[in-house]
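**Student:** Attaching a single structure in structure tokens format; questions to follow.
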Amino acid sequence: MKDCIRRLAGITGGAFIDNETEKIGILLIDGYPLIPFSCVVDSLRTANRLSDNNLYEWHYYAADSNPVSASCGISVPTEPLSKASGLETLVVCAANNAQHFDHAATLKILKNLGGGNINLGSVSSGSFVLAKAGLLDNCRCTIHWENIPVFKEIYPHLDVAFSLYEINQKRFTCSGGTAALDMMLKLIENQYGRSLAQEISQQFQHDRIRTEIDSQQMADRIDLAMSAPKLINVINLMESNIEAPLPLPSIAERCSLSLRQIERLFHKYRGVTPSQYYLSIRLSHAKQLLLNTNRSVIDISIATGFETQSYFTACYRKFYGSSPRNHRTQIATERQG
């Protein structure tokens, strides 16, 4: 959005709204999720309606002029991105497998736009596309929690957060789903004041505008925060140490807990032992790398802290019911079909 991190200092209620219209492009990648897309469009539409001004106009773009289908099958007519002009903001809305997006002409256009004064953002897996175009190198960014392991693996130099959304100067990224609504409301608030953003939020029966510091998977974390806040620290430490897993005594010491206390917490709130839970985190990370990158099985086993490939394969088969190689082949076949 126009000057998307600008705060309107001193405004506690409504803000003066002029008639200047911001032209926004929405770049659709085939298979994009409908919820974040609709959050972007409807927040702009409702801002216009409630302000009684044409604050925004939006246009749908693609690599060519063909309609682009959402993951649910709904198609949206588009214009070629190559013909876009006068844009002040461009939002990329991409499918869950956007790490494979490799349309050279589109990436070149994005790079050129990034060299100008345009705001570039993404919802859901659009962060993959911006990162591939080299447009997230100097800013904090985010992506859906399910994609974070692969995203970090492909772009280890990026500052990736587990937040719902990130707004940094001319860049803004979002984790997807309804978090796209929170991000758009924050961008609108930055331009036109909190009053308008809250009115839009109320129209959508959205109880509050979540902030940049809200973490993904909030329901799970909120539940633990109320019942077992010490367990959150343990889990966070496990999630932050995948390639070189920490010994449980070290985790206990860092969290100021005894091993017996940690065991009781996991038994009560997760129904497993600490070691079983830690292993499930590492195997989930491995699964994302296996199904969404071309890395070898042995490389993935090392990246997720397994001493040998045979032990990794045995754990993976027990947890997912299939060996890593067979699982990869099965998913690849399903995607091609």
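Every read-out reported here was derived from the displayed coordinates using simple, explicitly stated rules and does not represent laboratory data. Remember, predicted model here, so these are calculated numbers, not experimental data. When we count neighbours, we look across all protein chains shown, and the Cβ atoms used for this are built from the backbone with ideal geometry, even at glycine.
**Student:** Which residue fluctuates most in the GNM of the chain (Cα springs below 10 Å): Ala84, Ala179, Ala95?
**Tutor:** The residue with the greatest mean-square fluctuation here is Ala84.
**Student:** Suppose every Lys and Arg Cβ carries +1 and every Asp and Glu Cβ carries -1, with no other charges. What dipole size does the chain come out with about its Cα centre, to the nearest 20 debye?
**Tutor:** It works out to roughly 920 debye.
**Student:** Then there is this: How long are the semi-axes of the equivalent ellipsoid of segment 7-147, taking √(5λ) for every eigenvalue λ of the Cα gyration tensor, in whole Å from largest down?
**Tutor:** Working from the Cα gyration tensor, I get semi-axes of 26, 18, 16 Å.
**Student:** Sticking with this one: Given a cut-off of 27 Å, name the pairs among Lys23/Lys108; Lys268/Lys318; Lys83/Lys152; Lys108/Lys170 whose C-alpha atoms lie farther apart than that in the structure shown.
**Tutor:** Over 27 Å apart, Cα to Cα: Lys83/Lys152.
**Student:** In a shell of Cβ-Cβ distance under 13 Å around Leu290, excluding Leu290 itself, what net charge do Lys and Arg (+1) and Asp and Glu (-1) give?
**Tutor:** Net charge around Leu290: +4.
**Student:** Pairwise over distinct Cα atoms, reciprocal of the mean inverse distance: report the Kirkwood radius of segment 93-186 in Å, one decimal place.
**Tutor:** 13.0 Å
**Student:** If you don't mind, there's one more thing I want to ask. What translational diffusion coefficient, in µm²/s and rounded to a whole number, does the Stokes-Einstein relation yield for segment 218-336 at 4 °C and a viscosity of 1.567 mPa s, taking the hydrodynamic radius as the Kirkwood radius over Cα pairs?
**Tutor:** Taking Rh from Cα pairs, D becomes 84 µm²/s.
**Student:** Please compute the alpha carbon radius of gyration of the chain, then divide it by the globular-protein estimate 2.2 N^0.38 Å. Two decimals is fine.
**Tutor:** 1.09
**Student:** Now, a different point. Select from Val297, Thr173, Ala244 the residue farthest towards the positive end of the dipole of segment 167-315; place +1 on Cβ of Lys and Arg, -1 on Cβ of Asp and Glu, and compute about the Cα centre.
**Tutor:** In segment 167-315, that residue is Ala244.
**Student:** How would you rank Cys39, Cys255, Cys72, Cys93, going from fewest to most other Cβ atoms within 10 Å of each one's own Cβ?
**Tutor:** So the residues, fewest neighbours to most, are Cys72, Cys255, Cys39, Cys93.
**Student:** When Ile29, Ile74 are ordered from fewest to most other Cβ atoms inside 10 Å of their Cβ, what list results?
**Tutor:** In order of increasing Cβ crowding within 10 Å: Ile74, Ile29.
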